[in-house]
Amino acid sequence: MSQSVSQYSRVAKIIHWLSAVTIFTLFALGYWMVDLTYYSEWYKIGPHWHKSVGLTLFTLTVLRIIYKKFQQSPAIEGATWEKLGAKIAHIVMYILLFATFISGYMISTADGRGIEVFNFFTLPGLGSFIENQEDIAGDVHFYLTYTLIALALLHAAAALKHHFINKDNTLKKMI
């Protein structure tokens, strides 16, 4: 027997907002890191935190997808095209996230070294699969993250549009 729900669960809300803050923070950190020089004290610290938090977000995203499979979500509100657009946007955001995780891993492990995660453990590196892997993966990572941020901003704008113009419960379901 299925029962409809009117709000996202507390766990879903926490994961959603924690993911959103983390994604924008990682983007800002990555944007800032590219201008660091070898002699900056942050040259190693910034990337260490970026990778560690990124891998934590990867784990959280996997758990989020598993959780979504077992937790009922409220219905999407809006016109048919808005419902379809929301479903497509969510799928694309997950694809962009996982492609970003993979490209980041390929940048960091191209030389065969693993990734130190908060100095607790090392995620093994698989080395380089293609020539100039770190450069190619770096370009891919760059474009993926900008696309993800643009889509996340569109997602936020759509939620605000639903709240202020449509005056429906789309935003309230996640707050």
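The values are calculated or read from the model by the stated rules, or taken from the named source; none is laboratory data. This one's a predicted model, so the numbers in the text were calculated from it and none came from an experiment. Ideal geometry is used to build each Cβ from the backbone, glycine not excepted, and the neighbour counts take in all protein chains shown. These accessible areas exclude ligands, DNA and RNA; they are computed on the full protein's heavy atoms, side chains included. Shrake-Rupley method; radii C 1.70, N 1.55, O 1.52, S 1.80 Å.
Some points to look at:
- Test: residue in segment 20-34 that is modelled with pLDDT under 95 and either in a loop (DSSP other than H, G, I, E, B) or charged (D, E, K, R) (or both): yes
- The lone exception for Thr122 - which of (1) within 23 Å of Thr59 (Cβ to Cβ); (2) assigned to a loop (DSSP other than H, G, I, E, B); (3) open to solvent by 30 Å² or more (accessible area, probe 1.4 Å) it fails: (2)
- Considering segment 69-100, and only residues there that are in a helix (DSSP H, G or I) and of a type in the set (Val, Ile, Thr), the residue that is farthest from Ala150 (Cα to Cα) turns out to be Thr80.
- Yes/no for Ser40 being surrounded by fewer than 16 Cβ atoms within 10 Å (Cβ to Cβ) and either part of a loop (DSSP other than H, G, I, E, B) or touching a strand residue (DSSP E or B) at 6+ places or on another chain (Cβ under 9 Å) (or both): yes
- Extreme residue, farthest from the chain's Cα centre (by Cα), among residues of segment 5-52 that are closer than 29 Å to Ala157 by Cβ and of a type in the set (Lys, Arg): Arg10
- Unmet requirement for Ser103, which otherwise passes all of (1) closer than 30 Å to Ala137 by Cβ; (2) assigned to a loop (DSSP other than H, G, I, E, B): (2)
- Between Ser103, Ser52, Ser19, the distinction of being surrounded by 14 or more Cβ atoms within 10 Å (Cβ to Cβ), of a type in the set (Ser, Thr, Tyr), in contact (Cβ under 8 Å) with a residue 60 or more places away in the chain and closer than 30 Å to Leu126 by Cα belongs to Ser52 only.
- Every residue from segment 84-100 that is closer than 15 Å to Lys173 by Cβ and either open to solvent by less than 60 Å² (accessible area, probe 1.4 Å) or at pLDDT below 95 (or both): Ala86
- Beta carbons closer than 8 Å, at least 6 apart along the sequence or on distinct chains, pair a first residue in segment 145-172 that is over 23 Å from Thr22 (Cα atoms) with a second that is open to solvent by 50 Å² or more (accessible area, probe 1.4 Å) for His162/Glu77; His163/Lys172; Asn166/Glu77; Asp168/Glu77; Asn169/Ser6; Asn169/Glu77.
- Applying the condition of being exposed (fewer than 13 other Cβ atoms within 10 Å of the Cβ) and of a type in the set (A, V, I, L, M) to segment 57-73 and asking which residue is farthest from the chain's Cα centre (by Cα) yields Ile66.
- Within segment 122-132, the set of residues being among the hydrophobic types (A, V, I, L, M, F, W, C) and under 22 Å from the mean Cα position of the chain (by Cα) comprises Leu123 only.
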